[in-house]
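Encoded as structure tokens, the structure appears first; notes follow it.
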């Protein structure tokens, strides 16, 4: 009996010792350009241990596990591409199981996506795109954080410009299918982030800046067209007071090629004018919904500012578009729309 007792204690100590070894930091390993089998095993053990630890409903433990998983990926650690690949492969299988499980606590899944976004790899991008798309991910919280994560992945500065480009080009179609306005707004943020990717040469950066404008224009035209088609009001309009001011700032950004900015302005101009016209005509249908009414009103105001900037004109009415909207003066708004169309030649 005593021998069994001693054996049990020894076994428990061995298990605790193995777990402790697996949980230890690998920061001093992952910055090596070459790795031996023992070091690879330590990386795999660390990834497995903390991926398993992520599956908890305890807030503190969940936060600690996420931080431990991100720790080897922090810039000051200097993880090498080889170690990054090994580490990414190590956490991939466990994370896929977490993300595929629709019954899993969504906070666990969100934390998994936050770790994936820090990988900065093509493999990580593929996982994020999959969970940013409503066709393949029905949970809105996961679509939101996957969309945010794509932008984070771009900023890690590991992906090639070609990989960034191919991933970014998928977003406008994903955005066209999205019905959550806040997720749409963050997806626009991700497209705008293409203008500030670290570590690229001047040529690649210039190309991505132009691509950022191109994709944002494509996405905003599609969004406005979809909103205009819903005469009873569309909750996606709530994204516009967030997105349109950003677009206006980009259109006046002197650091971006003037030709790119001018081309972008001309591309979105007809859709913005049509949005103001349609929103004004359909205003009575949203009057009873305060948040939706405010969303349309604010969107009309910023749309008007962008249109006036593109056309180099000013509002000829002594009353602002907001006041016209609040007073229900659709007739005067339509007169302004007619002036814009005349100036634009549409």
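The values are calculated or read from the model by the stated rules, or taken from the named source; none is laboratory data. Since we're looking at a predicted model, the values are computed, not measured. FYI the Cβ positions are ideal-geometry reconstructions off the backbone, even for glycines, and counts take in every protein chain you see.
Name the residues in segment 307-339 that are over 25 Å from residue 232 (Cα atoms) and under 33 Å from the mean Cα position of the chain (by Cα), would you? Matches in segment 307-339: 308, 309, 310, 311, 312.
Among the helices (runs of 4 or more DSSP H) confined to segment 50-131, there are none with at least 3 residues that are surrounded by 16 or more Cβ atoms within 10 Å (Cβ to Cβ) and either free of Cβ contacts under 8 Å to residues at least 24 places away in the same chain or not assigned by TED's automatic domain parsing to the domain that holds residue 25 (or both). Restrict the check to segment 14-25 and report whether at least one residue is part of a loop (DSSP other than H, G, I, E, B), at pLDDT 50 or above and under 23 Å from residue 76 (Cα atoms). Yes: one or more hits.
For the structure I just gave you, tell me whether residue 233 is free of Cβ contacts under 8 Å to residues at least 12 places away in the same chain and either in contact with a helix residue (DSSP H, G or I) (Cβ under 9 Å, 6 or more places away or on another chain) or over 22 Å from residue 139 (Cβ atoms) (or both). Spelling it out, it is not the case that residue 233 is free of Cβ contacts under 8 Å to residues at least 12 places away in the same chain and either in contact with a helix residue (DSSP H, G or I) (Cβ under 9 Å, 6 or more places away or on another chain) or over 22 Å from residue 139 (Cβ atoms) (or both).
Scan segment 320-332 for residues that are over 16 Å from residue 294 (Cα atoms) and either in contact with a helix residue (DSSP H, G or I) (Cβ under 7 Å, 6 or more places away or on another chain) or surrounded by 12 or more Cβ atoms within 10 Å (Cβ to Cβ) (or both) and jot them down. Matches in segment 320-332: 332 only.
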